Structure formats: C-alpha cells, structure tokens
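Report on the structure given below.
Where a number appears in this text, it was derived from the coordinates with a stated rule and is not lab data. Remember, predicted model here, so these are calculated numbers, not experimental data. We place every Cβ from the backbone using ideal geometry, glycine too, and count neighbours over all the protein chains shown.
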Amino acid sequence: MIGYVKGYTNCTITKKRINDKTLSELIKVDNKIQNKLDYALNNDAYIVGLKKKKVLKCVYIFNKENDTLIFSVIIKTEEITDKILKAFEKDIIVDLKNKVSAKEIAHVEWNDVVIEPNNSLNWLAFGISLGVLFGIALDSIALGICFGVAFGCCCGVIATHK
C-alpha cells in the first residue's frame, strides 16, 4: 500500500523499514513500540503507517489469527489530527478490501466493521448470461455477446462498489 494523505505518505511497514530514525517520533509516545512492531511482524501481522520525511507519525497494527486480520492498536503522534486519520482509514479500508477480494485473507475485523469477500464474480456471470439471453431474444448472437459483456461489466462494477 503506497499513497498520500494530506502531506503524509502511507505505507506498509516491513522489517526493513523499522529503524531508530523512522521510529524516533513514535518512541516518544510509546517507548515499547519497537518490541510491539517486532512481535507483530514475526506473527504475520499487517502493519500500515503514515510517515512524513521518512519518520513514522502513525501506525495501525492488525494481528493475523486463522486467516483473519483483527485490528489491534493504533499508535500516533499529536500532530495527526482526526481529519488525517479519517482519510488514512479510508485508504486502509480500500487496501483491506483488495486483500480480501484477492483472497490473501478470509476477512477483516476492525472495531464494528467486518470486511468479507463479495460475490462480484457471481454478478459478473449473471450479467453476461442476461446479456446473451437478451441478444438471443433479438435473434443476434453478436448482439448477445456485446450485451453480455456490457451487462457483465455493469453488474460486476455494481457488486464491487457497495
């Protein structure tokens, strides 16, 4: 996950990205942050952070249990406002939905939100079959294929953007 939120860079945290310079601001907030991150990374956790000028300002930790990501903790500096957090959380949710739809994880539990896989492929198949049937009703296979692709794409897009 790489992106930008109001002057901050959001990124996935790996062992290579953790050092004293990047953690200098967060250590002031939580002096055991290094241990928490090491423990989480050793247990296949998903960690995302906001950084500015290569210094982490905020970290979200999701622990992995039985192919499920469960939100664990957020550690942030005082300069991270609620407005920045909301924008960052939107990016995290998009990334987590991509992970679930790619079947990297089964589902995600984050506070009151549960992200589960959707049935967009079922909707895609429904749209294609509906288009082909519509084309057959008009006595044109070529028109049926065109309608099938169009209806399939429309149904697939509708299913993925709830």
**OP:** Please label the shape of segment 1-91 as rounded, prolate or oblate, based on the square roots a ≥ b ≥ c of the eigenvalues of the alpha-carbon gyration tensor (a/c under 1.5 means rounded; beyond that, a/b larger than b/c means prolate, else oblate).
**Re:** oblate
Original post:
How much length, in nm to one decimal, is gained on full extension between ILE93 and ALA106, taken as 0.36 nm per residue of separation minus their Cα-Cα distance?
Top reply: 3.2 nm
Original post:
Which pairs, out of LYS57/LYS83; LYS57/LYS103; LYS15/LYS36; LYS57/LYS97, put more than 18 Å between their alpha-carbon atoms?
Top reply: LYS57/LYS103; LYS57/LYS97
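So for the chain, what are the equivalent ellipsoid semi-axes in whole Å, largest first, each being the square root of 5 times an eigenvalue of the Cα gyration tensor?
The answer is 43, 16, 12 Å, longest axis first.
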**OP:** Only Cα pairs under 8 Å and at least 6 apart count here; give the relative contact order of segment 1-153 as a rounded whole percent.
**Re:** 15
**OP:** May I ask you to compute the full-extension gain from ILE27 to GLU116, defined as 0.36 nm times their residue separation minus their alpha-carbon distance, rounded to one decimal in nm?
**Re:** 28.6 nm
Original post:
Any idea how far apart CYS154 and ASP139 come out in nm if each label point goes 7 Å out from Cα toward Cβ?
Top reply: 2.4
